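Please treat every number below as a calculation from the coordinates, not as lab data. Keep in mind that this is a model prediction, so the values were computed, not measured. Using ideal geometry, Cβ is built from the backbone for each residue, glycine included, and neighbour counts are taken over all protein chains shown.
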Amino acid sequence: MRTINVQEFHDHVTQWLRSKEPVVITKYGKSPLGIYYPASIKETPKEVRWAIFEALTDQIGERMKKKGIAEGQILDDFREWRMKNAKARH
């Protein structure tokens with residue numbers, strides 16, 4: 001996985017979108033802004049997938065905490081959505 005700054009990503013966006021290499025995009029080479037992760041996940045080593053998953057779930061957890069949202073609320077919302085959309089999925 002390569003780390004680049006936002007300016008480099010911007011200047012060569014078509015190159016990165018064609019690439020199969022995941023890229024961490026940073027602000028001034030320090031704070032991560034995001035991750036560009038190509039769709040071919042099967043080719044990505046399991047360790048990289050787990051690191052991305054862990055980073056994303058940590059960020060989601062922090063945002064939920066800041067907004068006062070409990071995990072149970074999310075699960076309830078998901079169950080409700082599934083019940084409403086059950087017919088569409090079958």
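When only Cα pairs below 8 angstrom with a gap of at least 6 residues are kept, the chain shows a relative contact order of 18 percent. Taking chymotrypsin sites (Phe, Trp or Tyr not before Pro) across the range 18-70, the ones in a DSSP loop with at most 12 further Cβ atoms lying within 10 angstrom of their Cβ are TYR28. Once backbone amide H atoms are built at 1.01 Å from N, ASN5 has THR26 as its partners under 5 Å, excluding neighbours fewer than 5 places away on the same chain. Panel values: the range 45-90, Kirkwood radius from alpha carbon pairs, Stokes-Einstein at 10 °C and 1.306 mPa s, translational diffusion coefficient 126 µm²/s. Between the helical axis of 71-84 and the longest alpha-carbon principal axis of the chain there is an angle of about 70 degrees.
Computed over the chain with a Gaussian network model linking Cα atoms closer than 10 Å, the most mobile of GLY61, GLY72, GLY34 is GLY72. In this structure, the residue pairs whose Cα-Cα separation is over 28 Å, taken from LYS46/LYS67; LYS27/LYS65; LYS66/LYS87; LYS46/LYS66; LYS20/LYS67, are LYS46/LYS67; LYS66/LYS87; LYS46/LYS66; LYS20/LYS67. For the range 46-58, 3J(HN,Hα) computed residue by residue from phi via the Karplus equation (6.51, -1.76, 1.60; θ = phi - 60°) reads 4, 4, 5, 4, 5, 5, 5, 4, 5, 4, 5, 5, 4 Hz, glycine and proline entered as x.
Let me know the whole percent of all Cα-Cα pairs from the chain that are separated by more than 14 Å.
Numbers: 2974 of 4005 pairs.
For the chain, the fraction of Cα-Cα distances above 14 Å is 74 percent.
The amide H of ILE35, built 1.01 Å from its N in the peptide plane, has ILE25 as neighbours under 5 Å, considering only residues 5 or more places off or on other chains.
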